[in-house]
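As structure tokens, the structure follows; a few thoughts come after it.
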Amino acid sequence: MEGIYLIVLLLFEVPCSMCGKFTVTGPTHPVVAIVGEDAVLECRLVPDLSASNMVVRWLKSDLGSAVHAYRNGEDDTAAQDHDYRGRTELFKDELSKGNVSLRIKNTRVFDEGKYICSVDDETDFEETVIELKVGGLGREHWIQIEGYHQNGIQLVCESNGWFPQPQVLWTGGDGQNLTTQSKINYHRDSKGLVNVQSNVAVTRDSTNRFKCLIRNNLLKKEQEATIQIAGDFFPAISGWLVFLSVILCLVIVALAAGIFWTVKQHRYFKELEVDKSIKQFDQWKSLIDSDWKKISECQVTVTLDTETANPRLEVSKDRKNVRLTRTVMSVPENEERFTASESVLGSEGFTSGRHYWEVEVVGNQHWTLGVAKESVVRKGDIQLIPEKGFWTIGRDEDKFQANSANKSNIPAHEIPRKIGVYLCYESRIVSFYSASTKSYLYSFTGSEFTDKLYPFFSMEHCNKWLKICPVQQ
């Protein structure tokens, strides 16, 4: 009888010993979300045990801190990565049913990646991996005529705000595919979204109706724009034009022969003028060196203020170099720090006098340099223009511009490798120079300087260092 009682007791004990066991499950396929909308990463316990008194953590594979943490019956915001604060939540009413899914509000491009949903009840620990893919559907989609190209017309199709990189297709009115004849340029903005521009040269056809279609293969959505061009816009080749081209070729040949004869006849006189030209060049160079010496004598020591640096920026130990990293630095949050803009200020501020410093930018295609007011807005997206307290120039791939309300292209034979920044507070002047060639680039004048001004550095996709370097006398 005692043996029977022991067997019955063991039968009742076995299921009780398994009561605390659970697994964590989620979708095996990637979750797709649209930029700006909410994303739900489903995760639950099997069986449906209550997770109200368990520790729930949501982690991201490329982050060092938690996306969301829940313990002791409440959210633990202190352990949460600052980029996700205020943007995540659990479904509290569903925790008692084993639902530990996470909602991410206002999804961003940088939210894309693999997430780990983990649950811990102090005796058991289980987790699962869920992948989130983010898509952006573009806006401001239009086609415009850029000008004439050979025997046709150049069309440009533009749209902003796509992710990932979209596909662009061109078709003509007769249904012919023109995509292979087109050129496409992509550019990532500060939010990680892709701006696309495509151009194609078209000629007259039966309808003169052309279509640009931009497709997001992740979201399986597309947008299209159509343009109808009147036949009179297309260039026509006539007999008089051919005749004029022949005459023009003959004139060019005759002109070349005349130039050759003139050069040959006056070679002797040119040789006599060489000595005079050398003397004039020496006088001009002496003047440049004199002005440059005055500027370089205003050199100041500039270091970077880590308290203002965006968490995606890495500042070197000597605070002379800065670059953009893929990981977010674990830094304390404060009012001085730039958040959305990948920017940082210098440690030294100026309220008077003349000051000059140099920054090496070689290897980087996206940067902005200059000065900024102490009172500039540092949270959220900012405009780097004088009206907002910024006097800057910058490079955006092949564009080299002064940042003002109306962007001004800076003429340069080649984009400088080293930028010199000159500030004269009393004269209200901020000037920029190519330090390598000692040549002038651009100036902001007539500005109102009332605040303390600081050196300003900003970058997008800069994995190379921006280096504050000593001024060469």
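The values are calculated or read from the model by the stated rules, or taken from the named source; none is laboratory data. As the structure is a prediction and not an experimental result, all values here were calculated from the model. Positions of Cβ are generated from backbone atoms using ideal geometry, with glycine treated the same way; all protein chains shown enter the neighbour counts. Surface accessibility is based on the protein's heavy atoms, side chains included, excluding ligands, DNA and RNA. Shrake-Rupley method; radii C 1.70, N 1.55, O 1.52, S 1.80 Å.
Numbers for the structure displayed
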{"quantity": "Debye log10 I(q)/I(0) at q = 0.17, 0.25, 0.26 Å⁻¹ for region 91-171, Cα point scatterers", "calculated": "-0.87, -1.25, -1.28"}
{"quantity": "Student exercise, region 336-473 dipole from Lys, Arg, Asp, Glu Cβ charges, in Debye to nearest 20", "calculated": "160 debye"}
{"quantity": "Accessible area expressed per residue, region 27-121, with surrounding protein chains retained (probe 1.4 Å, Å²)", "calculated": "47 Å²"}
{"quantity": "Among the listed pairs 133/320; 60/467; 373/467; 399/464, those beyond 29 Å (Cα-Cα)", "calculated": "133/320; 60/467"}
{"quantity": "Solvent-accessible area of residue 82 with every protein chain in place, 1.4 Å probe, in Å² to the nearest 10", "calculated": "60 Å²"}
{"quantity": "Those lysines that a straight Cα-Cα span of less than 18 Å connects to residue 211, excepting residues fewer than 8 apart in one chain", "calculated": "183, 221"}
{"quantity": "Accessible surface of region 82-220 [probe 1.4 Å, protein heavy atoms]: carbon and sulfur percent", "calculated": "43 percent"}
{"quantity": "Cα-based reach from residue 379 at 17 Å (exclusive), listing lysines while leaving out same-chain residues under 8 positions away", "calculated": "191, 388"}
{"quantity": "Surface accessible to a 1.4 Å probe, per residue, for the residues of region 286-362, Å²", "calculated": "50 Å²"}
{"quantity": "About the Cα centre, charge dipole magnitude for region 402-461 (Lys/Arg +1, Asp/Glu -1 at Cβ), debye", "calculated": "180 debye"}
{"quantity": "Percentage relative contact order, region 98-164, counting C-alpha pairs under 8 Å, at least six apart", "calculated": "26 percent"}
{"quantity": "85, 44, ranked by accessible area, largest first (probe 1.4 Å)", "calculated": "85, 44"}
{"quantity": "Relative contact order [Cα under 8 Å, 6+ residues apart], region 326-473, whole percent", "calculated": "35 percent"}
{"quantity": "Residue (of 119, 156, 135) at the positive-pole extreme of region 113-183, dipole from beta-carbon charges", "calculated": "156"}
